[in-house]
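The values are calculated or read from the model by the stated rules, or taken from the named source; none is laboratory data. Predicted, not measured: the structure shown is a model, and the values here were computed from it. Don't worry about glycine lacking a Cβ; one is built from the backbone with ideal geometry, like all the others, and counts go over all protein chains shown. We work out accessible area using only protein heavy atoms, side chains counted, and drop any ligands, DNA or RNA first. Shrake-Rupley method; radii C 1.70, N 1.55, O 1.52, S 1.80 Å.
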Amino acid sequence: MSLVRKAVIAGNWKMHMNCAEALAFSQSFRAQVENLPEDRQVVIAPPYLAIPTLSEALSGTPVAIAAQNVHWEEKGAYTGMVSAPMLLEHGVTHAIVGHSEPRKYYSETDEQINMRARTAQHYGLIPILCVGESLDQREAKETERVIHRQVEQGLEGIDSGRLIVAYEPIWAIGTGKTCAAEEANRICGLIRGWVGNPEVIVQYGGSVNPATIDDLMAQPEIDGALVGGASLDPIGFGRIVNYQVPVGAG
Ligand code: PGA
């Protein structure tokens, strides 16, 4: 972590937590961010329906609210979708785009992901663009090629000064297999080079937990984490956002 880049730890709740559960989480999580060090920011992406509840329950804390996706149009005949202006109404500041789950289950393309990222920025939201290779691609030594393409196509026309990129190897998501910190560091460094802006925030995501966060954050190219399963527990996520890096590391 460079001295200029501010770390961003983001929780992605996926399809977990109704409003009552989000409220209970926030009551416990508030204490965890009371003494949050200044060098980091915390973001939580709840399901759309829990956004108003969580946004209100965490107001006055340093926690920002993200959406798990965002549509590329402002409004229209897009059944089931949510637009950027709708998110802004509830204090949302970030939007995840290009997560491997919508890429896989809803066949999202790099072109659509790029349109989502552009629209997000147009409305002042910070896109968190997720990129990462599958196990087959890694074994076929295609990791760099795949991620380079995702970065290039996903970021066309994007202002890299208002952007977060999350390196999420698909084989590490929800599997309990965290990518080795040195390898995650290597790929995050490549991504930063491809984005072409030394200040861009690059996160690592994939089975991050309280036991692995300190090592990951000690890596110089890793500026934060995108945390799925481990962000659902307020105490465990509290430990993650309060990660500790030995003096001199990072
Ligand atoms: P995980 O999910 O931490 O549960 O592996 C990460 C993600 O999908 O963003």
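May I ask you to list the lysines whose Cα is less than 22 Å away from that of K14, ignoring any residue fewer than eight positions away on the same chain?
By straight Cα distance, K14 reaches K104, K177.
Which value results for Rg/Rh of segment 123-250 when Rg is the Cα radius of gyration and Rh the Kirkwood radius based on the inverse mean 1/r? Present the calculation step by step, with values, prior to reporting the outcome.
Details: Rg = 14.3 Å, Rh = 14.9 Å.
In segment 123-250, Rg relative to Rh is 0.96.
Can you pull out the chymotrypsin sites (Phe, Trp or Tyr not before Pro) in segment 83-165 whose DSSP state is coil and whose Cβ has at most 14 other Cβ atoms within 10 Å?
Values: sites: Y105, Y106, Y123; in loops: Y106, Y123.
Passing both the DSSP loop test and the Cβ count: Y106.
With every protein chain present, what is the per residue accessible area of the chain (1.4 Å probe, Å²)?
Numbers: 11310 Å² over 250 residues.
Per residue, the chain has an accessible area of 45 Å².
Kindly identify segment 71-153 as rounded, prolate or oblate by the Cα gyration tensor criterion: order the square roots of the eigenvalues as a ≥ b ≥ c, call it rounded if a/c is under 1.5, otherwise compare a/b with b/c, prolate if a/b is larger, else oblate. Could you put the intermediate results ahead of the total?
On the way: a/c = 2.67, a/b = 2.08, b/c = 1.29.
Here segment 71-153 falls in the prolate category.
Please list the non-local residues whose amide H lies under 5 Å from the amide H of G206, H modeled 1.01 Å from N, same-chain partners needing a gap of 5 or more.
Long-range HN contacts for G206: L226, G228.
Calculate the spin-label point distance for N197 paired with R145, positioning each point 7 Å from the Cα along the beta-carbon direction, and give it in nanometres.
The two pseudo-label positions are separated by 2.9 nm.
Excluding residues on the same chain fewer than 8 positions from K141, give the lysines whose Cα lies under 16 Å from its Cα.
List returned: none.
Averaged across orientations, what area in nm² does the convex hull of the alpha carbons in segment 184-250 project? Mind dumping the intermediate values first?
On the way: hull surface 18.1 nm².
The number I arrive at for segment 184-250 is 4.5 nm².
When the Karplus curve 6.51 cos²θ - 1.76 cosθ + 1.60 is applied with θ = phi - 60°, which whole-Hz ³J(HN,Hα) does each residue of segment 144-153 get, with x for Gly and Pro?
5, 4, 4, 5, 4, 5, 4, 5, 4, 6
With all protein chains present, how much of the accessible area of the chain (probe radius 1.4 Å) comes from carbon and sulfur, to the nearest whole percent? Walk me through the intermediate numbers first.
Details: 6020 of 11310 Å².
Taking all protein chains in place, the chain shows 53 percent carbon and sulfur surface.
Mind checking the full-extension length gain between L135 and R30? Use 0.36 nm per residue of separation minus the Cα-Cα distance, one decimal, nm. List each step's numbers first, then the result.
Values: separation 105, 0.36 × 105 = 37.80 nm, distance 3.73 nm.
The L135-R30 span can extend by a further 34.1 nm.
Identify the trypsin sites (Lys or Arg not before Pro) of segment 49-110 meeting these criteria: DSSP loop state and at most 14 other C-beta atoms within 10 Å of the C-beta.
Values: sites: K75, R103, K104; in loops: K75.
Hits after loop and neighbour filter: K75.
Give me the extension gain from K104 to V247: residue separation times 0.36 nm, minus the current Cα-Cα distance, reported in nm with one decimal.
Working: separation 143, 0.36 × 143 = 51.48 nm, distance 4.02 nm.
My answer for the length gained is 47.5 nm.
With all distinct Cα pairs included, what does the Kirkwood hydrodynamic radius of the chain come out to in Å, to one decimal, could you say? All intermediate terms of the calculation are to be shown ahead of the outcome.
Numbers: mean 1/r = 0.0558 Å⁻¹.
Across the chain, the inverse of the average 1/r is 17.9 Å.
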